[in-house]
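The values are calculated or read from the model by the stated rules, or taken from the named source; none is laboratory data. Model, not experiment: these values are computed from the prediction. Here the Cβ positions follow ideal geometry from the backbone for every residue, glycine too, while neighbour counts run over all protein chains shown. Note: areas computed on protein heavy atoms with side chains; ligands, DNA, RNA excluded. Shrake-Rupley method; radii C 1.70, N 1.55, O 1.52, S 1.80 Å.
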Amino acid sequence: MDVQLKQLNGVPLTKPIADQWERVEEFKARPDDLLIATYPKAGTTWMQEIVDSIMNDGELEKNKRAPTHVRSPFLEMLTFVSSGVDVLNNTPSPRLVKTHLPSELVPKSFWEQKCKTIYVARNAKDTLSYYFFDLMNKIQPDPGTWEQYMEKFLKGEVAWGNWFDHVSGWWNAKDKHEILYVFYEDIKKDTKREIRKVMKFQKNLSEEALDKICHHTSFKAMKENPMANYSTIPNMLLDQTVSPFMRKGEVADWKNHFTESQSKMFDEEYEERMKGTDLKFRTNI
Ligand code: PPS
């Protein structure tokens, strides 16, 4: 498949999304929508499973009702087989909405309706797990080599654009809207503490429910769960024989892929680009 990206206000998106952007822009959020926003590969699916579990009061049988992309539709996604906007318009409230949009492109109705938003951020080096995803994702451009991909990533020439602008844009947006900003590394390090934070933001449940949710949303459990591991998506769209969706689920896996000189170059560029923000990431835990 020849897949192209097209710029929308300086952000490269897959062409079908950019071509029919008005549909996303005019999307009507409802006050009880909960938005999960991330840069790709930051831990979206993990947070979707956590939030759906809380929404279901820890009655985890209910999470089995459908795969992730049905339980928590992807707002801007538009392919020849489905449209996130159409799916969401037909989804009863309360809706759990996924987006990868930078804060400035989020439909304004979400802010007007004062919807709660959870933003998950992951350190840039591990976010390069995006390379393995683009290798298996047939509706995004071919990533080329690891080296070429790293260059594109740093220039913001991958789908949903620039990581630096994304994480810092949302970091600033949290001062204006009801946004819980969490880090992949923190969830990995102290899952209970971070899920408790999400519960406080969303809905408080018992310690017993918390334990069950921790177990249900572990990497191992989600990798084996057909309702969470994207195995229901046909191989012609996501070819998991190339790379599994639930690939490693670790912090610092980047060390297995960056050469020493790539890491040095990346760190120099990173320093420069993050100079203006107090946002801090951990690349190890
Ligand atoms: S997407 O396609 O952008 O929505 O992908 P996203 O879900 O954001 O990111 C996928 C990465 O998250 C890892 N993952 C997890 N890590 C730890 N624990 C759990 N439960 C979990 N679920 C998903 C997944 O393995 C991808 O990361 P990598 O580094 O590729 O393994």
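Which residues does a label at S109 reach in segment 56-78, if reach means a backbone N under 17 Å from a point 7 Å past the Cα toward the Cβ?
73-78, by backbone N distance to the label point.
Counting heavy atoms of the protein chains only and a 1.4 Å probe, report the per residue accessible area for the chain as a whole number of Å².
I get 47 Å² per residue for this part.
In nm, to one decimal, how far is the D86 label point from the R193 one, both placed 7 Å along Cα→Cβ?
My value for the distance between the label points is 4.5 nm.
How many Lys pairs in segment 1-135 lie less than 13 angstrom apart by Cα atoms, where the lysines are 8 or more positions apart or on different chains?
Summing the qualifying lysine pairs gives 6.
By the gyration tensor of its Cα atoms, with a ≥ b ≥ c the square roots of the eigenvalues, what is the shape of the chain: rounded for a/c under 1.5, prolate for a/b over b/c, or oblate?
Rounded, since a/c falls under 1.5.
Give the separation of the Cα centroids, segment 264-285 to segment 1-54, in Å.
Taking the Cα centre of each part, segment 264-285 and segment 1-54 sit 25 Å apart.
May I ask you to compute the full-extension gain from R30 to R282, defined as 0.36 nm times their residue separation minus their alpha-carbon distance, rounded to one decimal in nm?
87.2 nm
Indicate the gyration tensor shape class of segment 53-137 (rounded, prolate or oblate), computed on the Cα atoms with a ≥ b ≥ c the square roots of the eigenvalues: a/c under 1.5 is rounded; otherwise a/b larger than b/c is prolate and the rest oblate.
Judged from the Cα gyration tensor, segment 53-137 comes out rounded (a/c under 1.5).
Could you tally up the Lys pairs in segment 179-258 with alpha carbons closer than 20 Å? Skip any pair fewer than 8 positions apart unless they're on separate chains.
26
What does the charge dipole of the chain about its Cα centre add up to, to the nearest 20 debye, if the Cβ of each Lys and Arg holds +1 and the Cβ of each Asp and Glu holds -1?
Here the size comes out at about 660 debye.
Magnitude of the Cβ-charge dipole of segment 2-141, K/R +1 and D/E -1, about the Cα centre, nearest 20 debye?
That gives a dipole near 140 debye.
Going by the alpha-carbon gyration tensor, a ≥ b ≥ c the square roots of its eigenvalues, is segment 60-194 rounded (a/c under 1.5) or, if a/c is not under 1.5, prolate (a/b greater than b/c) versus oblate?
Because its axes are fairly even, with a/c under 1.5, segment 60-194 counts as rounded.
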